[in-house]
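Here the structure comes first, spelled out in structure tokens, and everything after it is commentary.
Each value in this text was obtained by applying a stated rule to the coordinates, not by laboratory testing. Because the structure is predicted, anything quoted here is derived from the model rather than measured. Counting neighbours? That spans all protein chains shown, and the Cβs are built from the backbone with ideal geometry, glycine included.
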Amino acid sequence: MQQADDQREADAALAERLTGIVVAASASILAVDFRDCGARLKADDSPVSRADEAAHRTIVEELARLAPALAVISEEAAADWQGRTPPNDFLLVDPLDGTVEFLAGRLEYTVNIALVRVGTPVIGVIAAPALGLLWRGTVGYGAERLHFAVGQPTPRHGDPIHTRPWPQDERVAAVSRSHFDPSTEAFLKQVAPVRPLAAGSALKFCRLAEGAVDIYPRLAPTSEWDVAAGHAIVLAAGGAVFAANGGLLRYGGAAERFRVPGFTAWGDATAARRILG
């Protein structure tokens, strides 16, 4: 019991350090003008900009200073892990999730950091730099939302958040603004009546965790660093996340280039198990 309590305390302390790091990364992004940010396509045809690269540098430098013992897998340096197996504990980082939104001048982009332990995310921190909002969760410790301003001290504690029960009437479903796919559309018909709420980036997990949304399905392949931090926050807030086939969603798949085949995220874990069978 004492060991478990000590682990939760250590995780909560790490969440505090990660909070400061995502705020610093937010400042790096906000210093870049989206209209003149050197945007280009990577080898996988996804966009990248100076804002992505600036946030990546900030995060890597701060993690080396504040959490040097933890391995880091970042979207902008994932190739470094080719042929390697991540350790039991490692950090998954998306320095700028929603580059498409950033380049379009929309505010729905985020900075994501998650601690993964033995394949499961246990800490998640997500900042929305343009909104001045930050969500964080530690599994077994709870989740909260904080307001922040670059250059100002970040509050140590925010407002507790929790997912909401599955509604008997219309449900609200978070859907991707840029990556809505036919499989996800078909799934939403199975849980109708549903009102879709389009958003970019990992903000969809955050809205689910704070009880504004009931379900977030993404049944097309995506990258682990897009999902892990939101997964942890939803779990910490009382929800559940499952793989596309209804099984556990696991992280650290270097052989699969850190890709997951899809997932469903739920505010009400009991309803999720009942519906998924």
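Summary table
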quantity: Listed residues 236, 255, 188: farthest to the positive end of the dipole of the stretch 171-276 (Cβ charges); calculated: 188
quantity: Between the stretch 195-267 and the stretch 1-26, the alpha-carbon center distance in angstrom; calculated: 21
quantity: Mean residue ellipticity (222 nm) of the chain, computed from DSSP H runs ≥ 4 via -39,500 (n - 2.57), nearest 500; calculated: -10000 deg cm²/dmol
quantity: Electrostatic dipole magnitude of the chain [Cβ: Lys, Arg +1; Asp, Glu -1; Cα centre; debye, to 20]; calculated: 420
quantity: Computed FRET value (nearest 0.05) for residue 44 with residue 5, which takes r as the C-beta separation and R₀ as 30 Å; calculated: 0.10
quantity: Overall dimensions of the stretch 2-160 as given by Cα atoms, namely Rg and Dmax in Å; calculated: 15.6, 53
quantity: Long-range amide H partners of residue 249 with built H, under 5 Å; calculated: 243
quantity: Ordering of 259-266, 66-73 by packing [mean C-beta count within 10 Å, highest first]; calculated: 259-266, 66-73
quantity: The chain: DSSP helices with Cα axial extent of at least 15 Å and average Kyte-Doolittle hydropathy no lower than -1.0; calculated: 2-30, 50-66, 224-236
quantity: Per-selection metrics, the chain (Cα): Rg and Dmax in Å; calculated: 17.5, 54
quantity: Mean Cα-pair separation over length for the stretch 2-160, i.e. relative contact order, pairs under 8 Å, 6 or more apart, %; calculated: 21
quantity: Under the Karplus curve 6.51 cos²θ - 1.76 cosθ + 1.60, θ = phi - 60°, whole-Hz ³J(HN,Hα) for the stretch 138-151, x wherever Gly or Pro sits; calculated: 10, 4, x, 10, x, 10, 8, 10, 10, 9, 9, 9, 4, x
quantity: Share of alpha-carbon pairs per 10 Å distance bin for the stretch 177-277, given as whole %; calculated: 15, 53, 29, 2
quantity: Taking 18, 30 and counting other C-beta atoms within 10 Å, the order from fewest to most; calculated: 30, 18
quantity: Surrounding net charge for residue 196, when Lys and Arg each add one and Asp and Glu each subtract one, Cβ distance under 14 Å; calculated: +3
quantity: Sites matching GluC sites (Glu not before Pro) across the stretch 128-203 that sit in DSSP coil, with at most 16 neighbouring C-beta atoms within 10 Å; calculated: 170
quantity: Loop trypsin sites (Lys or Arg not before Pro), the stretch 34-76, which have at most 13 other Cβ atoms in a 10 Å radius of their Cβ (DSSP); calculated: 35, 42
